[in-house]
Each structure stands twice: as C-alpha cells, then as structure tokens.
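Read the structure below first, then the notes.
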Amino acid sequence: MSVIKYLLQSKRTVATLVVIVAFLVVQAVCDLSLPNYTSNIVDIGIMQGGVENATPKEIRKQSLEDLKLFMPEKDANAVTKAYKEGDDGIYYLKGSASDNASIEKLDSVFCVPMTILAAGSLGSAGAESSDMQSIDIDRLRQGYAAGAVTKDQLLDIRSEAEKRIEPLGDKMVNTAAVTYVEAEYEAMGKDMQDIQMDYMKKAGLIMILYTLGSALSAIAVCFLASYTAAGISRELRRKIFFKTLGFSLRETDHFTAASLITRSTNDIQQIQLALVLIMRLVLFAPIMGIGGIIMVAGTRSGMGWIVAAAVGFLLIVVVGLIRITMPKFKLLQVLIDKLNLISREILSGLPVIRAFCREDYETKRFGKANDELMKTQLFTNRAMSMMFPFMMLTMNGISLTVVWFGAKTIDAGNLQVGDMMAFITYTIMIVMSFMMISMISVFLPRANVAAERVNEVLAMPQSVTDKPDGELVKKTDWRGEVVFDNVSFRFPDAEEDVLTNISFAAEPGETTAIIGSTGSGKTTLINLIPRMFDVTSGSIRIDGVDVRDISQHDLRGLLGVVPQKGVLFSGDIASNIKFSDYEGVTDEAMEKAAEIAQATEFIEAKDEGFASAISQGGTNVSGGQKQRLSIARAVAKDPKVFIFDDSFSALDYRTDKALRKALSQTLGDRTIIIVAQRISTILGADKIIVLDEGEIAGVGTHRELLESCEVYREIATSQLSEAELAS
C-alpha cells in the first residue's frame, strides 16, 4: 500500500514504528487482562468469598488427614511435601508450593476429596442405597485407624464419587471444593469478610494498575503517531515544493497549478490522517483481535464458533464495501481538483466575469462541479455509514448468542457467570478490532489514492535538468552575449514545431527587440533562454557556452526576466524590489532601480514609501505600477542579460519613453532583449527580430525592416500614422 511505505522509508520512522508496536502490545496486554479480573471478582470475590483456589493456604491437621483418606498414596505424599506443620497445630502451605503451577497440581489433588467431604459422596462403603448420603467421617477415620476400613474401600468411595460428579463439570466441582476451604477457614476462626475484602482490594488495585498502563501506553502511542505522521507530512510537502520548483513549464502544465496545490495540501493531509490511524488503530486492531481470540480459546467454553461466524460475516461486509467504494474514492480526488480549478479561475477572473455579465453561467459551472463532488461524497459516505450498523448488529447479536449458549453451559456446570462475562467482553474486543479496521477502511482507500497522486508528482521526471557537476561550465567573467543557433522547438505531444530554424545574436550594449503577430512564438522564444523549456534542436549559447552546459541556478543568475504579467509577492515594496537578494541589494541600489523603472513618483506618494504593503499578487496596486515594480526588481538584480516580455504594455507613452531612455542610459553595457506588441516601444532598438508563424521573417532596424520586411511593414502601418512612418 502506498501510504504504508512512508512508514518504512527511513530508519528513524522504522525505529519509531517498533516502539509504537511495543507500546501497543503493552496496551493490548493491559486491556486483555482486565476482563479476567472482572471475571475473578464475580466468580472468586463474590461467589467464592475471596477464596481463590481449592488448595488452602492454611488447614487444620485433622482436616488434612481426613482429606488424605480419599487420596491415592502418590497424591497424599505430594500434599505432605507441600505443607509444613506449625506450632499451633495448623499446616501452612510452603512457599515453594505457592507458584501457579504447583497450586494447579494441588487443586487437582484436593478437588475430589474436598467435594466428597463438602457435599457428601454418592455412595459409601457398605451402603446399599445409591442415594446421596452424608459421610460419617468420624466412623471412617476410626475404622481406618482400627483396620476395619481399608484404603481400597476409601478409594472405592472416591471412584464412585468421581463417577457421580463427572456430569457436574470442572467448574462446579471446583466450587464445591472451595466451599470446603471456606468452611475450614471459618472453623479456624478466620473472618471471611476480611478475606473477601482483601481479595477485592487486591484485584481492584491490579485492575487500576492495568488501566493506568493501558492509558499511558495509549498516550505514548498517540504522541509518537502524531509526531511521526506530522514529520512525514512535512517532508512530503518539502519534497513536493522543491520538486515543483524544478519543474519546467511542461510539467507544470501537465499537472496544472490547482492540482499541484491540492496534492501538496489536501492529499498530504489525507496521508497524515491515514498514517496516524494506521499507527494508532490498524496496528492495534490485529494485536487486540489475535489476543482476544487466544483469550477466548483459553476459556474452553465451546463457543468459539460464535466468534468465527461473526468474524467471517464482518470480513465479507468490509471487503465488499471497500471494493464498491474504492473507484469512487479515486474519482473524489479528481473532482476536488476540478472544483479547485474552477474556483481558482472564477476568483482570478472575477472582474472579467462581471464585465461580461457571466455571473449566472459561472455560478452554474461551479454548481455543476460542486454537485458532482457532493454526489460522489454522499455515495462514499452512505456506503461507509452502513459499516457501523452492521458492526452494532453483529456485536449485539454476539452478546445475545453468547448469553443464550453460555447459560446452557453454566447450567451444565462447565462455565461460571464471571467466565461468561469475560467471554462476552473478549468477543466484543474481537469485534471492536474489526470495527477499527472498518473505520480505517473509510480513510485508507482515499489516502491511498492521495498517496498515488503525491507519488505521481515526486516520480515525474524533469524535462529540464542539469548535467553532472563535473560537466558544467563555471565562469565568473560573463559578458552576456546571447546567440540562437538554428533553434527549433516543439511542445510535448505537438505535431508541428512552434519555432523553426531561429538564428540571431543579441550583443552586450545593444537592444534586441522581438516583434510579431499574436501566436507567432515570441514568449516561447524567450522562455527558451532561462530553460523554461529545452530546445528541440539547435542551441542557445551565452558567451559561446550552451545554456544546457550551465547549471540552471547560474544561468538564471545571469538573467533579469520581467514577465508579460507582472507578479508581486505579499510583503512591502522594498521586499519586492530586493527580491533577488534582500540582504545583498542595498537601499541605494533599490532606490536607483525604482528611479530607472519610473516608480519613484508613486512610491513616494505613499505614506510609508518603500515600506508600503503589497498584498498577495499585488492586487492593491495598478497594472502599470505592478509592471514598473517588476522592472525595478529586475534592474536591482543587476544581471548581464535583461529580458522584457511585453513588459511596457500597461505603461502610458510618456512613462514608456522615459523608462526606455533611463534603461539605455544606465544599462548601456548590458544585453537587452525586448518582446513588444507596440512598435513605438522598439523604434530605437539596435536590432529587431520579426517573427511570423514561428519563423524569422526579417532582421534589421526599424528603417531597414520598413523597406525589406512585408510583415513588419503591415504591423507598422497598423500602429503608426503616415507622419510617424516618414519621420
């Protein structure tokens, strides 16, 4: 499963997982021990008066001798070795015989003789009647001492008694033996109420300790699970973030921004929730289930088939529901992506929607996507909501079945009330284990889909990568000459080239302009310089070095790019202008850049000047102000090559002219590449590249192109007057 692999991806998480499993085992042991003590409180503390075993801790000498009468020689010797006589004539159980194994053996020795003396045998020596009669122990003792009653006769009484009490069951025989021990303690003057209370306090204290152990283990597991899951989520977000930073436009377009946001937020949140549930419940459920089955088997109640039937029924329900809902969970994430995409489009395009009165259409489009998501969520939620009623039905059905058959077993003497209570509790624990798994099955399929989507991003090969470090060219004396050598480019999966055989050079100290009709490939052309895409054929060189032989970091460090759509970041004006290196760009350089970009006037008009706040996306400044700040940001970087992608379109002619003049005066030794729609912006360019359907239609100055390039002349005549063309 994709989610689980995150827990096994490092030695640290594996070690934490081992610790968590250890705590879960401790918790399970504590939880599984509690029903036994509840059973003992009922069976021993209440019904047996606190007397735990048929083996008395203390017994009078005469009583011990009477019991030995009905024991084979081997058993009698074992009893003699287990006790030592005190000065008060009382026999005390030796410490060496007080362990559980020894007590269990002695119980089997004492049970039948004590039952004979406590309840009367079902036949006696010389008795003609087969009805239950009281044992005249004094007569038997005296007859045995005088030789009138032999050991074989006493053992015959035992054999007959064993036949008669066999149908009663071990539990009832043990109860009869304990009754004898109670009577013996009373005869010795012991306070039975104190014995009972001592046992109840001891059992209660142990239960409290087990409860504390379970609670502390659960707290430790919750802490470790939450900490580990949060750490894994943080690492996944970090990986996706840095992976996305390395994506070219090809990969970004493949996923879409809305999907990448969903994958790095909602999907990772689903994974984190699933990881917590896996460590807290999924690992705990089988431990509890297996432990419960072992404890149920230990009761030897003969009702194990009830548990097997319940488990089989639950497995069918859980597996069936998962098979039904898994495809819907996969669809769910796709629909969330779709809803995010539509929401993003509507919110970013709200002014246009209002301007064209398309509110109703967009409302319907959003509503359709919202309804599709709602219907899918309802289907999965309804399907999974069936799980809980099935679980409750199974749990209550098990309880009724156990009580029904348990009552018959109790009536047969093979089960006590406390044991039946423990059996019900263990059975419910087993069912609860499956309920945990069923609850997690609501989250796991969706989390698994989320993990696959996250892995898809992490596994996506980058189309633009750096060569090995040893093959990269590293220079410090860059001039900034940009040369396109027979460059062609085709978008992935496209049938035709967008750019074909593009060759030109942009020299330092010169302004190279690129102009062409819409869709001619201008923006695509300049995106090849910073390697937003890699060329399909040909090469782009800076100072004679292929851009693919320069690391992306060093390459982009040489460039100052002002995109067609100005992008500002939340903060203030200063942080946006100093964006390339906040500490490295001085205030003087920032102010100079703002002056060149013709931004000083509107900045100084603000109360806080360069400290004025910029909202996310620069929504609190105008389009022209946003462009000027974007230009100032590039100037403050002081690169070798400036790339302006139609970056003056929002400026008025006066500001445009002043800005271009400032650029030429202050950036005279830099390579400047300008993409423009307006001819007025590039009239003074040293070289103009005219693009037409991805090919170069002409190269030259404004005057040269008017005479030699039909495409340029058409653009010029559409924008300039006759007087301007003649000037």
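For segment 215-364, what is the Kirkwood estimate of the hydrodynamic radius, computed as the reciprocal of the mean inverse distance between distinct Cα atoms, to one decimal in Å?
Numbers: mean 1/r = 0.0497 Å⁻¹.
It works out to 20.1 Å.
Find how many whole Å separate the alpha carbon centroid of segment 639-677 from the alpha carbon centroid of segment 462-536.
Value for the Cα centre distance between the two parts: 20 Å.
Using only Cα atoms and rounding to the nearest 10 degrees, what angle (0 to 90) does helix 417-459 make with the longest principal axis of the chain?
In the chain, helix 417-459 runs at an angle near 10 degrees to the longest axis.
Over the Cα atoms, compute the radius of gyration (one decimal) and Dmax (the largest Cα-Cα distance, rounded to a whole number) for the chain, in Å.
44.6, 153
Report, by chain and number, residues whose modeled amide H sits under 5 Å from the one on Thr536, excluding near sequence neighbours (fewer than 5 apart, same chain).
Amide H neighbours of Thr536, under 5 Å, 5+ apart: Ser488, Phe489, Arg490.
About its Cα centre, how strong a charge dipole does the chain have in debye, to the nearest 20, once Lys and Arg get +1 and Asp and Glu get -1 at the Cβ? Walk me through the intermediate numbers first.
Details: 74 positive and 89 negative charges, 89 e Å.
Taking the Cα centre of the chain as origin, the dipole is about 420 debye.
Which value results for Rg/Rh of segment 32-123 when Rg is the Cα radius of gyration and Rh the Kirkwood radius based on the inverse mean 1/r?
Values: Rg = 14.5 Å, Rh = 14.4 Å.
Ratio value, two decimals: 1.01.
Starting from the Cα-Cα distance between Asp191 and Ile290, subtract it from 0.36 nm times their residue separation and give me the gain in nm to one decimal. Don't jump to the answer; show the numbers that get you there.
Working: separation 99, 0.36 × 99 = 35.64 nm, distance 4.20 nm.
Taking 0.36 nm per residue and subtracting the Cα distance, the gain is 31.4 nm.
Around Gly584, under 13 Å between beta carbons, what's the net of Lys plus Arg minus Asp minus Glu among the other residues?
Numbers: positive: Lys578, Lys637; negative: Asp581, Glu583, Asp587, Glu588, Asp638.
Surrounding charge for Gly584 is -3.
What's the angle, to the nearest 10 degrees (0 to 90), between helix 304-348's Cα axis and the longest principal axis of the chain?
20 degrees
Want the number for Val25 to Glu372: 0.36 nm per residue separation, take away the alpha-carbon distance, what's left?
Values: separation 347, 0.36 × 347 = 124.92 nm, distance 4.39 nm.
Extra length available between Val25 and Glu372 comes to 120.5 nm.
Rounded to two decimals, what ratio of Rg to Rh does segment 567-638 give with C-alpha atoms and a Kirkwood Rh?
Working: Rg = 10.5 Å, Rh = 11.6 Å.
Rounded to two decimals, Rg over Rh is 0.91.
Average projected area of the Cα convex hull of segment 617-727, in nm²? Intermediate values should be presented prior to the final figure.
Numbers: hull surface 32.8 nm².
Answer in nm², one decimal: 8.2.
When the convex hull of the C-alpha atoms of segment 477-547 is computed, what volume per residue in Å³ does it have?
Spread over its residues, the Cα hull of segment 477-547 gives 85 Å³ apiece.
Among Tyr199, Tyr92, what is the fewest-to-most ranking by other Cβ atoms within 10 Å?
Working: Tyr199 20, Tyr92 15.
Result, fewest neighbours first: Tyr92, Tyr199.
Order of Glu695, Glu601 from fewest to most other C-beta atoms within 10 Å?
Working: Glu695 16, Glu601 11.
Final ranking by Cβ density, sparse to dense: Glu601, Glu695.
Setting aside same-chain residues fewer than 8 positions from Lys202, which lysines have a Cα under 18 Å from its Cα?
Hits, sequence-local ones excluded: Lys57.
Of Asp652, Asp66, how do they rank once you tally other Cβ atoms within 10 Å and put the fewest first? Let's see the in-between values first.
Working: Asp652 10, Asp66 19.
The fewest-first ordering by Cβ neighbours comes to Asp652, Asp66.
Return one number: the angle in degrees, 0 to 90 and rounded to the nearest 10, between the long axis of the Cα atoms of helix 170-187 and the longest principal axis of the Cα atoms of the chain.
Taking the Cα atoms of the chain, the angle to 170-187 is about 60 degrees.
Can you say what percent of the DSSP beta bridges in the chain, counting only those with both residues inside, are antiparallel? Round to 5. Display every interim value, and only then the final one.
Details: 25 of 44 bridges.
Around 55 percent of the beta bridges assigned by DSSP in the chain are antiparallel ones.
Taken together, the values in this text are just the output of simple stated rules run on the coordinates, not laboratory data. Keep in mind that this is a model prediction, so the values were computed, not measured. Heads up, the Cβs are rebuilt from the backbone with ideal geometry, glycines too, and the neighbour counts pull from every protein chain shown.
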